[in-house]
Amino acid sequence: MDRNKTEGIVIRQVDFSETSRVVTFFTRDYGRISVLAKGARRLKSAFEAAIDLLTRCQIVFLHKSTSSLDILTEAKLVNRFRAESHQVNAYYAGLYVAELLQSLSEEFDPYPRWYDAAVVTLSRLQSDADFRQAVIRFELVTLAELGLLPEFEQCQCGRPVEENSERWSLWIQQGVLLCSQCRHHEASARPLTGEVLSTLRRLSHSDMADETIPPIPDIQLRIIRPLLTALISNIIDRRPKMLAYLKF
Ligand SMILES: [Zn+2]
């Protein structure tokens with residue numbers, strides 16, 4: 001049995017018995033893990049109040065070589081996710097981050113940069129930052145880390161994007177950009193402008209921690225929001241549940 005130490009965010013909890021709980025963490029060093037937290041449902045448990053949803057903790061767990069559940073032995077609170085009561089969107093956006101981490105990660109498949117982006121996003125959601133932009137930046141990092149971010153620089157035929165009146169579109173099922181000449185082969189592609197592509201390029205190349213990114217204009221948000229929803233729904237084969245609660 002290996003004893004592993006790492007940092008993680010609680011993304012799901014399920015009651016296991018009268019006293020115990022199975023907790024799923026997205027961890028920095030091991031990716032997604034599910035561990036049995038014995039006694040976690042007791043009022044005075046060994047984990048104190050460390051394991052609430054979206055809480056970031058330092059944990060120690062025992063990895064079983066057999067098929068039985070790994071065991072959580074320590075959980076120390078690093079910080080708790082607290083969206084103010086007026087920030088109901090920020091709270092749901094935090095749950096959406098957890099849903100993306102849960103649906104798109106694999107057990108024991110670490111993505112440290114994706115983890116760091118989640119930490120930055122959860123912290124940004126608790127500040128006065130615009131939750132819509134925080135969510136879009138996290139979605140773009142998620143796609144980039146998984147190797148599923150569409151090319152925003154050129155059409156699949158090689159034609160580069162220029163900021164002119166050319167009509168571009170994104171072929172959702174294939175995640176590729178099409179110029180006006182290639183588009184007629186694929187009627188279902190979604191239209192977008194050179195300005196929107198330039199925003200998507202800037203956001204996907206920016207450092208996640210960079211606070212100086214200008215706000216996305218509303219006119220572009222109205223194009224980018226449904227586009228990312230369609231891209232992510234196509235990857236996970238359903239519309240993410242939490243999007244129904246978010247008022248963009
Ligand atoms: Zn083309």
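Couple of notes before you dig in:
- Qualifying positions in region 162-211 - touching a residue at least 40 places away in the same chain (Cβ under 8 Å) and within 14 Å of the ligand (Cβ to nearest atom): L170, L197
- Cβ-Cβ contacts under 8 Å between residues 6 or more apart (or on different chains), taken from a first residue in region 145-158 that is over 19 Å from E195 (Cβ atoms) to a second residue that is in a loop (DSSP other than H, G, I, E, B) and within 11 Å of the ligand (Cβ to nearest atom), are listed as C157/C179.
- Verdict on S45 being in a loop (DSSP other than H, G, I, E, B), among the hydroxyl-bearing types (S, T, Y) and either open to solvent by 60 Å² or more (accessible area, probe 1.4 Å) or under 25 Å from F131 (Cβ atoms) (or both): no
- Of the residues D52, D15, D2, D29, the single one that is open to solvent by 20 Å² or more (accessible area, probe 1.4 Å) and under 15 Å from P112 (Cα atoms) is D29.
- Pairs linking a residue in region 93-120 that is not assigned by TED's automatic domain parsing to the domain that holds E7 and part of a loop (DSSP other than H, G, I, E, B) to a residue that is open to solvent by less than 10 Å² (accessible area, probe 1.4 Å) and not hydrophobic (A, V, I, L, M, F, W, C), with Cβ atoms under 6 Å and 6 or more positions apart or on different chains, are S105/G31; F108/G31; D109/G31; P110/G31.
- Candidate set from region 23-42 (those that are part of a loop (DSSP other than H, G, I, E, B) and in contact with a Phe, Trp or Tyr (Cβ under 6 Å, 6 or more places away or on another chain)); member that is modelled with the lowest pLDDT: A40
- Region 70-90, subset open to solvent by 60 Å² or more (accessible area, probe 1.4 Å) and not in a strand (DSSP E or B), residue modelled with the highest pLDDT: V88
The values are calculated or read from the model by the stated rules, or taken from the named source; none is laboratory data. Treat the numbers as computed from the prediction; the structure is a model and nothing was measured. Methodologically, a virtual Cβ is constructed for each residue, glycine included, from the backbone with ideal geometry; neighbour enumeration extends over all protein chains shown. Heavy atoms of the whole protein, side chains included, go into the accessibility calculation; ligands, DNA and RNA do not. Shrake-Rupley method; radii C 1.70, N 1.55, O 1.52, S 1.80 Å.
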